[in-house]
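Structure first, commentary second.
The values are calculated or read from the model by the stated rules, or taken from the named source; none is laboratory data. It should be emphasised that the depicted structure is a prediction, and the values quoted were computed from it without experimental measurement. In this analysis, Cβ positions are derived from the backbone assuming ideal geometry, glycine residues included, and neighbour counts consider all displayed protein chains.
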Amino acid sequence: MKIHGSPLSPFVARVILACDHKGLSYGIVMPKGGLKTPEFLALNPFGKIPTVQDGKITIFESDVVVEYLENKYPKKRIIPASAAAASKTRLIARVSDLYVQAPALILFRQVSGRSPKNKAEAEKSIEGLNKGLDVLNHYIEPGPCATGKSFTISDCYALPALFFVSHVAPLFGIKDPYKGRPNVKKYWTAIKKHPSAKAQYTAMQKTMKARLKGL
Ligand SMILES: N[C@@H](CCC(=O)N[C@@H](CS)C(=O)NCC(=O)O)C(=O)O
């Protein structure tokens, strides 16, 4: 399997985490010449990562890729069989995606120079992030995984989201974004060391360090 992308992308990270948990072999490549070359646009017309080639199949959009992996490689499932448990794993994933990662990425884009500094936008994002973290704290388990013992799709989404929160919040004066959110705090401490997550966490950490150093 070929994953077009960078390990620092939180969208790519979801796919890598699912692959690592399932024990799949893959290679990660950054598209030569950038994301908007005719060759890469032929694979993904939006020119975004992750884009995955698995044999003859090419797919993109992290949600779709993760769902594909679960169906194609059902060993070590990341979505539980029961409707209730499956909806809980998806809920934690969705909260992480839309209400935690999204505002954290707006802040990251401002500090990394990808978008101009904008105080009003930053304040609105911090307000949204606080709400997202409160809701996440309500639903997430304190570890080792987001729904308790088993690694699920929730972890594929929550880990990258919290990774960005942890790095970006202090740059906006929030020393400990998990203060008063004990479940998130304990979860974050535990998931980084989980056998299915450790390698990807380390790769993100290494790439982020290099990225922030270059600013
Ligand atoms: N909805 C997409 C979002 C993917 C995405 O935005 N990836 C970023 C990297 S973090 C990207 O490729 N950006 C380049 C661009 O939008 O031109 C997914 O879930 O896969």
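Tabulated data for the structure shown
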| item | result |
| --- | --- |
| Condition met for Ala122 (farther than 16 Å from Lys88 by Cα, in the same structural domain as Thr89 (by TED's automatic domain parsing), under 14 Å from the mean Cα position of the chain (by Cα) and small (Gly, Ala, Ser)) | no |
| Qualifying residue in the range 42-61 (condition: in contact with a Lys or Arg (Cβ under 9 Å, 6 or more places away or on another chain), over 24 Å from Ile153 (Cβ atoms), hydrophobic (A, V, I, L, M, F, W, C) and more than 8 Å from the ligand (Cβ to nearest atom)) | no |
| Restricting the range 167-202 to residues that are closer than 28 Å to Gly27 by Cβ and of a type in the set (Gly, Ala, Ser), the residue that is surrounded by the most Cβ atoms within 10 Å (Cβ to Cβ) | Ala197 |
| Selection within the range 78-91 - more than 20 Å from Asp20 (Cα to Cα) and either of a type in the set (Asp, Glu) or touching a residue at least 12 places away in the same chain (Cβ under 8 Å) (or both) | Ala85, Lys88, Leu91 |
| Number of positions in the range 190-215 that are assigned to a loop (DSSP other than H, G, I, E, B), free of Cβ contacts under 8 Å to residues at least 60 places away in the same chain and touching a Phe, Trp or Tyr at 6+ places or on another chain (Cβ under 8 Å) | 2 |
| Contacts under 8 angstrom Cβ, first residue in the range 32-47 being assigned by TED's automatic domain parsing to the domain that holds Ser62, partner among the aromatic types (Phe, Trp, Tyr), 6 or more apart | Gly33/Phe40; Gly34/Phe40; Leu43/Phe60; Asn44/Phe60; Phe46/Phe60; Gly47/Phe40 |
| Failed criterion for Lys72 (all others in (1) within 11 Å of the ligand (Cβ to nearest atom); (2) more than 14 Å from the chain's Cα centre (by Cα); (3) of a type in the set (Lys, Arg) hold) | (1) |
| Breaking point among (1) part of a helix (DSSP H, G or I); (2) over 14 Å from Pro160 (Cβ atoms); (3) not hydrophobic (A, V, I, L, M, F, W, C), for Pro116 | (1) |
| Set Cys145, Cys156: member being touching a Phe, Trp or Tyr at 6+ places or on another chain (Cβ under 7 Å), more than 17 Å from Met208 (Cα to Cα) and in contact (Cβ under 8 Å) with a residue 40 or more places away in the chain | Cys145 |
| Selection from the range 60-104 of residues that are polar (S, T, N, Q), surrounded by fewer than 20 Cβ atoms within 10 Å (Cβ to Cβ) and part of a helix (DSSP H, G or I) | Asn71, Ser87 |
| Within the range 149-189, tally of residues that are farther than 25 Å from Asp20 by Cα and part of a loop (DSSP other than H, G, I, E, B) | 9 |
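This table checks each residue for (1) modelled with pLDDT under 95; (2) of a type in the set (Phe, Trp, Tyr).
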{"position": "Thr147", "(1), (2)": "no, no"}
{"position": "Pro170", "(1), (2)": "no, no"}
{"position": "Gly180", "(1), (2)": "no, no"}
{"position": "Tyr187", "(1), (2)": "no, yes"}
{"position": "Ile191", "(1), (2)": "no, no"}
{"position": "His194", "(1), (2)": "no, no"}
{"position": "Ala197", "(1), (2)": "no, no"}
{"position": "Ala210", "(1), (2)": "yes, no"}
